[in-house]
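Everything on this sheet refers to the single structure shown next.
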Amino acid sequence: MLAKDLISDIIPALKTSDTGLDVINWMEAFRVSHLPIVNNRVFLGLIADIDIYDLNLANEPLGNHRLSLMKPYVMEYQHIYDVIEIVARLKLSLVPVLDVEQEYLGVITQQDLIHRFSELIAAHTPGGILQIEVGPRDYTLSEIARIVEDSDSKILSLYVNQDSSQETLFITIKLNRTDLAPIVSAFERYGYKIRAHYGSEEEIDEVAVKNYESLIRYLSV
């Protein structure tokens, strides 16, 4: 999933002739705290709501002021993971996308990013969730896939995170079935520690909410 496929078709680009009041109205309408300023497809930078308030720009065109604009962007060919990284690192509500000629194409909003990422990890596809723990040296993706497939199941998505000591990997697997007992037993036979498993719709919904909240916190750090 590339940046060019994530561009919003509703967020407007600002012109230097727009006033601070125009900016605030657009931000409130689209529930964002940043908007791009563009001149003939040349990306000039992002303006934040705090810039408007600090400089008291409500009734004046943006071009009347010397603005110190931040200029974060992603290229159209970059992956969604790259987009998430820059949004999280810079605490952005949206990020501009440029083409190979460095011309402005549009923006990706944080909300659209979360929605598309949920598709990437099959968050809305029916199935159970299994969480296991392994040491970094014991992590073998091919073996995990084989255990799942030998249990007559398929992996819909899989992601890995590491604890702060870097001594344990936590692997979360989304599967295409909700009856996880055979898969849990199979992993335990191979010595894997089961951290948690969720098979009912209520349990899966709870995990989805927690994962969504974790992603929101990550993007807001």
* Structure fact -> Filtered hits (aspartates and glutamates, Cα-Cα < 16 Å from residue 193, offset >= 8 within chain) -> 133, 138, 143, 163, 167
* Structure fact -> Of the residues 39, 102, 53, the Cα lying farthest along the dipole of segment 1-133 towards its positive end, which is defined by charges on the beta carbon of Lys, Arg, Asp and Glu, belongs to 53
* For the residue pair residue 42 and residue 146, what label-to-label distance in nm results when each label sits 7 Å from Cα along the Cα-to-beta-carbon direction? -> 5.9
* Would you list which lysines come within 24 Å of residue 15, measuring only between C-alpha atoms, while excluding same-chain residues fewer than 8 positions from it? => 4, 71, 91
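Evaluate the relative contact order of segment 3-119 (contact order divided by residue number), counting alpha-carbon pairs under 8 angstrom at least 6 apart; express in whole percent. Display every interim value, and only then the final one.
Values: 192 pairs, mean separation 37.3, N = 117.
It rounds to 32 percent for segment 3-119.
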* Once you put a point 7 Å from the Cα of residue 166 and another 7 Å from the Cα of residue 103, both along the Cβ direction, what distance in nm separates them? -> 4.5
* Cut-off under 5 Å, modelled amide H: who pairs with residue 41 long-range -> none
* To do: Using the Cα centre as the reference, give the magnitude of the dipole from point charges on the C-beta atoms of the chain (Lys, Arg: +1; Asp, Glu: -1; all else neutral), rounded to the nearest 20 debye.
  => 360
* To do: Just tell me, in residue order, which DSSP H segments of the chain are both 27 angstrom or longer along the helix axis (alpha-carbon based) and at least -1.0 in mean Kyte-Doolittle hydropathy.
  => 201-220
* Asked: How high is the relative contact order of the chain, in percent, with contacts defined as C-alpha pairs under 8 Å that are six or more residues apart?
  -> 19
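Run the helix sum for the chain: -39,500 (n - 2.57) per DSSP H stretch of 4+ residues, divided by residue count, reported at 222 nm to the nearest 500 deg cm²/dmol.
Details: 7 runs with 79 residues, N = 221.
The per-residue figure over the chain is -11000 deg cm²/dmol.
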* Amide proton proximity set for residue 103, modelled H, under 5 Å, gap of 5+ -> none
* What is the distance in Å between the Cα centres of segment 77-94 and segment 1-68? -> 18
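Every number here is computed from the coordinates shown, using simple stated rules; none is lab data. If you're wondering where the values come from, they're calculated on a predicted model, not measured in any experiment. All Cβ positions, glycine included, derive from the backbone under ideal geometry; neighbour counts span all protein chains shown.
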